[in-house]
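**Q** Let me begin by handing over the structure; questions about it come next.
The values are calculated or read from the model by the stated rules, or taken from the named source; none is laboratory data. Just so we're clear, the structure is a prediction, and the values are computed from it rather than from any experiment. Positions of Cβ are generated from backbone atoms using ideal geometry, with glycine treated the same way; all protein chains shown enter the neighbour counts.
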Amino acid sequence: MLDSSSRFMSTLRGRLGHPGFRQTHDRCPKAYLTGSNTRKQVSVLQAIGFDVMVCGVGDWYCGQQITLGFRSQMPTVELAIPGKIHWREQKQSEVELGIVLGEALSEEFVVRLPGCERASIRYPSGIAGTLNWLEPHSVSCPASVVNYSREGICLQSKMTPEIGTEMRFSWTHNDVAHSVHGISSWVIGKSSGTLTGCELINSHGYAISGVEINPTRRSF
């Protein structure tokens, strides 16, 4: 599926240049989300690299394998990429979904928030657990995940690790112990505690959601 969609895009570019999204009357990029026997139109809020955040209706759930169909400016042309839902937030009658794709989007399908130059989307989280500093000496303290992205997580705690410290964050989900390892890359002190950005080295940040995704940097 990944190879076929890549070949499709190469052919499409050759014929159409950079097709991009087909815009609707409200100028909001649209896509089609397909899972099991369900196909729904969704609005694309953000789309960067392997990450897509959409909004729509339907009984979607974390861990669900889906296919996201991107409509081009040519009404009959659609690029379908397989993916997996890892983040979900109910918004009244609609739901926002975080999706990791099986291959990175080409630039013509990228949708960014104004002024945002990040290489991946950040997803809010509230997972609580324990932060362990492994170097230069062992220290542990309670911590919670503020948000996660493909490459890392942001943790809030009462202690301040030095930049470059090797760290492990551990938590329990459905009575199963989980952990991710990384290196602290930035630290911000606040009155409510310290925010620590951690670049992960053994997995993607999607692991925080409890959804299993292959830790390779290119696909899942």
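Residue by residue, here is whether (1) polar (S, T, N, Q); (2) under 12 Å from TRP133 (Cβ atoms); (3) part of a strand (DSSP E or B) holds:
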site: CYS154; (1), (2), (3): no, no, yes
site: HIS181; (1), (2), (3): no, yes, yes
site: SER185; (1), (2), (3): yes, no, yes
site: GLY197; (1), (2), (3): no, no, yes
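**Q** Take region 186-204 and flag every residue that is modelled with pLDDT of 95 or more and of a type in the set (Gly, Ala, Ser).
**A** GLY197
**Q** In region 117-139, what residues are polar (S, T, N, Q) and either surrounded by fewer than 14 Cβ atoms within 10 Å (Cβ to Cβ) or within 22 Å of ALA177 (Cα to Cα) (or both)?
**A** SER125, THR130, ASN132, SER138
**Q** Can you tell me how many residues within region 157-170 are part of a strand (DSSP E or B) and either buried (at least 20 other Cβ atoms within 10 Å of the Cβ) or in contact with a Phe, Trp or Tyr (Cβ under 7 Å, 6 or more places away or on another chain) (or both)?
**A** Qualifying residue count for the region: 2.
**Q** Which condition does PRO142 not pass, out of (1) touching a residue at least 60 places away in the same chain (Cβ under 8 Å); (2) more than 14 Å from the chain's Cα centre (by Cα), if it passes all the others?
**A** (1)
**Q** If you go through region 186-205 one residue at a time, do you hit one that is closer than 17 Å to CYS62 by Cβ, surrounded by 17 or more Cβ atoms within 10 Å (Cβ to Cβ) and out of contact with any Gly (no Cβ under 8 Å at 6 or more places or on another chain)?
**A** Scanning region 186-205 turns up at least one residue that is closer than 17 Å to CYS62 by Cβ, surrounded by 17 or more Cβ atoms within 10 Å (Cβ to Cβ) and out of contact with any Gly (no Cβ under 8 Å at 6 or more places or on another chain).
**Q** Now for a different question. Do we find that LEU79 is assigned by TED's automatic domain parsing to the domain that holds GLN41, buried (at least 19 other Cβ atoms within 10 Å of the Cβ) and over 21 Å from GLY205 (Cα atoms) in this structure?
**A** Yes; evaluated as a whole, the condition is true for this residue.
**Q** Something else about it: Would it be correct to say that PRO142 is surrounded by 14 or more Cβ atoms within 10 Å (Cβ to Cβ) and not assigned by TED's automatic domain parsing to the domain that holds PHE50?
**A** Against the criterion (surrounded by 14 or more Cβ atoms within 10 Å (Cβ to Cβ) and not assigned by TED's automatic domain parsing to the domain that holds PHE50), PRO142 does not qualify.
**Q** Return a yes/no flag: does region 140-153 have any residue that is at pLDDT below 95 and farther than 23 Å from GLU96 by Cβ.
**A** yes
**Q** Moving on. What's the number of the condition SER120 fails, among (1) closer than 26 Å to ALA47 by Cα; (2) without any contact (Cβ under 8 Å) to a residue 60 or more places away in the chain; (3) outside any strand (DSSP E or B); (4) among the hydroxyl-bearing types (Ser, Thr, Tyr)?
**A** (2)
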